[in-house]
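Worksheet: the structure to be examined is printed underneath.
The values are calculated or read from the model by the stated rules, or taken from the named source; none is laboratory data. Predicted, not measured: the structure shown is a model, and the values here were computed from it. Cβ placement follows ideal geometry from the backbone for every residue including glycine, while neighbour counts extend to all protein chains displayed.
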Amino acid sequence: MGSNPTGPSFKVLDFYLSVKKDNLLSKRSISLWQATAIGLGNIIGAGIFVLAGSVIHQAGPGAIISFLITAVLAVTVALNSAELSSKIVSHGGLYSFAKETMGEAMGFIVGWLRAISYAIATSAVALGFSSYLLTMLGISSINYEILLAIVLMAFAVFLNYIGINVVADIEEVLVILTAGGLVMFIILSLIYGKWIPTRFTPLIPHGYFSIIQSASLAFFAYSGFNTVATLTPEIVHGRKNAPKAIILSLGISTVLYLLVVAGMIALMPWQLYSVTADPLLEALNFSKAPLFVDRIIGIIAVVATVTVTLSLIVAGSRTLLQMSDDGLLPKTLGKEDSPKRAVLLIGIIAIISVFLGNIQYIALASNFGVIFSYAITGLAVYIVRKRKIEGPFNSPLYPYVQIISILLSILVMLALGTQALYIGSVTIIAGMFLYVLEKEEIGLLDKQKRL
């Protein structure tokens, strides 16, 4: 990001890195509360607006447990990331943590998977945008939904291609808007929902494995907390405040998520949820909430999905750019106009990904790279401890937190489904092929120079 633009979250607005580098690196200007707001902004994005209904469809009232499981996993990964960010100060986030502790081959795998995950996630979020917008317009058409999603992604690619500058103040406003929308939804659920036992029973209608499967989908809504780790160099007292901001933002978002999911079940029977991209509007429409309220939530969801679509393309392209700068991808991506080439590549992958299936399949495929990269954070902490690298924050309950993070990551990853595992495996193989080719090219260039 920046010179190291590889933030790990799904909603990386990456505002600091789109501002002049000199201003960024000359001073530390992000406060603890700004960093917390950034973390919240990256967590509370399109995921909860788009995928909560699919989680309820798959797990019933047990969706609440699924979100709790993902919260536990996120907490363990957050503690790992907090320790790593306090000891390895870099914009690269998980990519840099893997590269510094396990070598450039593992760093490449993590960076490559995350870049592809950003691209695939872009299509899922864009589908959420089109679904909310079309529902507000009273139009129901899968063809229009796909077309509108492609139009949004193409527009986002265009904006990123010509260059955009976003500052921290805008991010804070967006945090207030999206978090405020969720708070409004929770209040509405208390007014219009039916908080009766029959809405929440049976708790686990589809078996215990459905809870884990749903957790693998729900993780899409949590994946932004690690963005703060990439901004450690710009945070005031970053080694101390970055870990605090990660944990604070994760705690606040978890409470909001649990209340939103419970509110959705109170507003509409869990049996009626399906794999749609606008579940909050479905719940409000079913409960006969006032039309103006429906419109407000819809507008907030549309704004959130547009913002995340733009952010994901920035994050994916900058991940590729950083890997190129580090010599892990072709140098053609590292030239002066490289952001444009990387943006186009991410945009093309994103548009193709919209045809992978319904929004649930797309999100699960995207989650593969995210959860894989999170699984290695526990191992990275172990390596850092063995090397006796000092920092102001150490994860509590070492090594139990790290063991839980690894085991739970593997469990959730296995529950992603065969399609997601297949796409993830193909992505790793393709990435390693590129890595070997790049290494051979570097070797040939070095040989020619010596001759």
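Could you tell me which of the residues 126, 121 is at pLDDT 90 or above and under 25 Å from residue 297 (Cβ atoms)? On inspection, the qualifying residue turns out to be 126.
Could you go through the range 403-411 and let me know if any residue there is modelled with pLDDT of 85 or more, more than 21 Å from residue 346 (Cβ to Cβ), touching a Lys or Arg at 6+ places or on another chain (Cβ under 6 Å) and of a type in the set (Val, Ile, Thr). Checked the range 403-411: no residue is modelled with pLDDT of 85 or more, more than 21 Å from residue 346 (Cβ to Cβ), touching a Lys or Arg at 6+ places or on another chain (Cβ under 6 Å) and of a type in the set (Val, Ile, Thr).
Scan the range 110-129 for residues that are of a type in the set (A, V, I, L, M, F, W, C) and either touching a Cys at 6+ places or on another chain (Cβ under 8 Å) or buried (at least 24 other Cβ atoms within 10 Å of the Cβ) (or both) and jot them down.
Within the range 110-129, 110, 112, 115, 116, 119, 120, 121, 124, 125, 126, 127, 129 meet the criteria.
This table checks each residue for (1) modelled with pLDDT of 90 or more; (2) buried (at least 19 other Cβ atoms within 10 Å of the Cβ).
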position	(1), (2)
348	yes, no
352	yes, no
358	no, no
363	no, yes
369	no, yes
374	no, yes
383	yes, no
387	yes, no
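Whenever a residue of the range 138-162 is modelled with pLDDT of 90 or more, its partners that are exposed (fewer than 13 other Cβ atoms within 10 Å of the Cβ), lying with C-beta atoms within less than 8 angstrom and at least six residues away or across chains, give the pairs 146/355.
Pairs are defined by a Cβ separation below 6 Å, a sequence spacing of at least 6 or placement on different chains, a first member in the range 418-438 that is in contact (Cβ under 8 Å) with a residue 40 or more places away in the chain, and a second member that is among the small types (Gly, Ala, Ser); the pairs so defined are 420/365; 423/365.
Report whether or not residue 44 is more than 30 Å from residue 385 (Cβ to Cβ), buried (at least 24 other Cβ atoms within 10 Å of the Cβ) and modelled with pLDDT under 85. Criteria met by residue 44. Looking at 92, 39, just one residue is touching a Phe, Trp or Tyr at 6+ places or on another chain (Cβ under 7 Å) and modelled with pLDDT under 80, and that residue is 39.
At least 2 residues being over 26 Å from residue 357 (Cα atoms) and at pLDDT below 90 is the threshold, and among the helices (runs of 4 or more DSSP H) wholly inside the range 222-300 those reaching it are 227-230, 238-267. Considered as a group, the residues in the range 87-109 that are hydroxyl-bearing (Ser, Thr, Tyr) and crowded, with 24+ Cβ neighbours inside 10 Å include one that is nearest to residue 386 (Cα to Cα), and that residue is 96.
Looking across the range 390-410, the residues that are in a helix (DSSP H, G or I) and surrounded by fewer than 16 Cβ atoms within 10 Å (Cβ to Cβ) come down to 400, 403, 407, 410.
Can you find even one residue in the range 322-331 that is of a type in the set (S, T, N, Q) and over 23 Å from the mean Cα position of the chain (by Cα)? Scanning the range 322-331 turns up no residue that is of a type in the set (S, T, N, Q) and over 23 Å from the mean Cα position of the chain (by Cα).
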